[in-house]
Amino acid sequence: MPELPEVEVVRRGLLNHLPGRTLTNLSTDGKKMRLPVPVKALKSLTGSRIIDIRRRAKYLLIEMDNGAVMVVHLGMTGILGLFPEGADIDPHDHIRWILDNGYELRFNDVRRFGSIRVVEPDQAQALEQTIFKANGPEPFSETFDGSYLYKKARKKQQPVKNFIMDGRVVAGVGNIYANESLFSAGISPVRKAGAISEKRYILLVEKIREVFTTAIECGGSTISDFLDASGTKGYFQIHFNVYGRRDLPCPICRTPIRHVKLGGRASFFCPACQR
Ligand SMILES: [Zn+2]
């Protein structure tokens with residue numbers, strides 16, 4: 001499943017190609033994705049120009065010059081790719097936007113857990129009160145700091161890993177990066193969120209940003225040939241310290257990495273380095 005860094009890498013790749021482009025035509029295969037594809041609303045954007053692409057949590061926000069916004073979620077297997085118009089169509093290319101420069105943008109999604117919504121201009125300013133009402137701050141925003149996390153964690157009995165993976169607390173910290181940032185901060189994933197000091201939360205915020213930054217840079221270096229590419233190759237060629245390394249030696253102290261399930265999610269940690 002694409003996590004926040006992968007979505008950010010896709011955004012940066014598309015930013016090099018989409019702003020300024022006009023949508024000249026739309027083609028869909030009629031398949032239902034996680035939500036029904038709003039074909040009529042998408043068609044009404046024909047003739048509009050893309051002005052910007054933003055990201056909120058794991059959603060891409062494609063902003064149009066008429067004020068409307070296309071809100072895209074990649075789900076488990078969704079890919080946005082650019083292809084020359086007329087290039088071979090994959091059976092999982094569900095939506096194709098023909099652009100005014102001989103290329104087309106395609107939403108390919110094998111498992112169809114992805115979604116797309118069109119937010120009309122009169123609703124576009126209210127996204128934080130509607131679609132993103134339940135989302136916590138972005139990990140790179142000013143609101144998200146150690147004292148924010150510390151205050152949010154008061155009286156919380158749940159493991160800290162579940163706490164930071166709660167999208168209401170902070171947006172976009174998925175399983176892989178929760179594991180990795182807790183390792184870097186030396187915090188055990190099973191420790192109660194309410195039992196961690198403010199000082200350690202300050203360090204954790206720093207480490208969350210660090211692992212995201214590294215992952216985005218790593219993804220960014222694989223995306224230079226974004227045109228014609230499905231764009232996913234290499235995203236996960238990131239070096240993990242604990243994720244997926246059950247029983248392998250900790251990179252710091254050589255203690256075997258332990259594996260537990262927390263909230264149903266695979267959790268990896270070093271019992272010696274993480275307290
Ligand atoms: Zn260790």
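Annotations
- In segment 4-129, lysine pairs with alpha-carbon atoms under 20 angstrom apart (chain gap of 8 or more, or interchain): 4
- Computed log10 I(q)/I(0) for segment 4-129 at 0.11, 0.21 Å⁻¹: -0.33, -1.40, from the Debye equation with unit scatterers placed on every C-alpha and solvent omitted.
- Neighbours of Pro121 by Cβ distance under 15 Å: Lys/Arg scored +1, Asp/Glu scored -1, total -3.
- Relative contact order computed over the chain (Cα-Cα under 8 Å; 6+ residues apart), in percent: 18
- Sum of side-chain charges, His92 neighbourhood, beta-carbon under 10 Å (Lys, Arg +1; Asp, Glu -1): 0
- Kirkwood analysis of the Cα pair distances in the chain returns a hydrodynamic radius of 20.0 Å.
- Per residue, the average separation of C-alpha pairs within less than 8 Å and at least 6 apart gives segment 1-100 a relative contact order of 36 percent.
Values in this text are rule-based calculations from the coordinates and carry no lab data. The structure displayed is predicted, hence computed values, not measured ones. As a convention, Cβ positions derive from the backbone with ideal geometry for all residues, glycine included, and neighbour counts pool all protein chains shown.
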